[in-house]
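A quick write-up on the structure given underneath.
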Amino acid sequence: MEKGFTLLELIVVIVILGILATLGFTQYTRITERMRAAEAVAGISAMRKFVHQYWLENGTLTTITNSDVGVGSSSDQIPSSCRNTNYFFYSVGSQSQSSLEIRATRCTSGGKSPNYTTGSQYQIGMTYNPSTGSGSFWCYDYGVGGTVSWCVP
């Protein structure tokens, strides 16, 4: 009696391995994107400190600009546009006298692998009020057309 596997058994094993590999890659891209979202949260947190300092010195946020919170184009600043060393670019958004939005927008090009899968941008942001020290994170995905929870810390 010969020992070995039949062709059918080998095909079943190959199909099972293919399914497992597909599931593993899907999880890999989700985990990778969540780690990149952590990059955005770190940048936003750094900007929040600059916003608070600006508010203490000026008493208002209506005149704040990107350069006031460390955002710019030089290599020692928080990036204001996509670079090959980062996955987000940052800006200050809508503002009032007592609060403003700090935004990180996902770069979707530049040969970074894997790229964001929907092919559209998403933003991670914080609405920050320096007088109370409170801030709340949000995430808006333009591909979905609304707020999503998967990238909010």
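The values are calculated or read from the model by the stated rules, or taken from the named source; none is laboratory data. Owing to the predicted nature of the structure, the values given are computational and were not obtained by experimental measurement. Every residue, glycine among them, receives a Cβ derived from its backbone with ideal geometry; neighbour counts consider all protein chains shown.
Data overview
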{"item": "Cβ pairs under 7 Å, 6+ apart, first in segment 124-153 and more than 17 Å from Val51 (Cα to Cα) and aliphatic (A, V, I, L, M), second modelled with pLDDT under 85 and assigned to a strand (DSSP E or B)", "result": "Val148/Asp141"}
{"item": "Complete set of residues in segment 12-37 that are closer than 20 Å to Trp150 by Cβ, loosely packed, with under 13 Cβ neighbours inside 10 Å and of a type in the set (A, V, I, L, M, F, W, C)", "result": "Leu23, Phe25, Ile31, Met35"}
{"item": "Selection from segment 67-77 of residues that are in contact with a strand residue (DSSP E or B) (Cβ under 7 Å, 6 or more places away or on another chain) and either hydroxyl-bearing (Ser, Thr, Tyr) or over 13 Å from Lys49 (Cα atoms) (or both)", "result": "Gln77"}
{"item": "Output for segment 38-84, where each listed residue is outside any strand (DSSP E or B) and crowded, with 20+ Cβ neighbours inside 10 Å", "result": "Ala40, Gly43, Ile44, Met47, Val51, Tyr54, Trp55, Leu61, Val69"}
